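Contents: one structure, followed by commentary.
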Amino acid sequence: MGFAAQKGKTCIIAEHDPWDIRLLRMYVERLGLRLLQAFDGEDLLRLARAERPDVIVLDGELPGALRGGEVLRALKTDGVTSAIPVVLLSWFDDRRHDHAPRHAAGWLRKPVTYESFCAALAEAGVVLQASEP
C-alpha cells in the first residue's frame, strides 16, 4: 500500500544537489503532487509568493545569497507566505541545530526515503491518503 496526496496540491522543492532533486521529484510525482522547483533562495521566495504552494521542502544548506535558514525566516515574516508549511531538509539529525529554525513545520533528514518523505509531509499538515500500489 502506498500514499497519495489530495488532488491539486502543490509542492516546491528548494534543493541544490542533483541526486536529491531527482529523488525528491520521484517522491513528489509518486504522491501526485504538482511539483515546482527553486534553485536558490531568491527563486524560492518569488515562486512561493506567486504560486502559494501547499508545502515547501527546503534544503537547510541551500547555497546562494540567502541560505536555507534565512529563506525560512523570510517566508515566515512575509504576510503572503507565512502560512505555507515548510519542511526543512538537512544532513543534520538534531532539530535543535542552528539549521533547524523553530518555524519549520516538518523535518526531513538526508538521505531521504519515500517513507520519511511521506512522514515529514504529514507532520507538516499535508493530507496523505492510503492508495493501492
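The values are calculated or read from the model by the stated rules, or taken from the named source; none is laboratory data. These numbers come from a predicted model, not from an experiment. So basically every Cβ, Gly included, is an ideal-geometry build from the backbone, and we count neighbours across all protein chains shown.
A few notes on this one:
- Any hit, region 16-26, residues being surrounded by fewer than 21 Cβ atoms within 10 Å (Cβ to Cβ), without any contact (Cβ under 8 Å) to a residue 24 or more places away in the chain and under 16 Å from V87 (Cα atoms): yes
- Check on A50, farther than 20 Å from A122 by Cα, modelled with pLDDT under 95 and surrounded by fewer than 14 Cβ atoms within 10 Å (Cβ to Cβ): no
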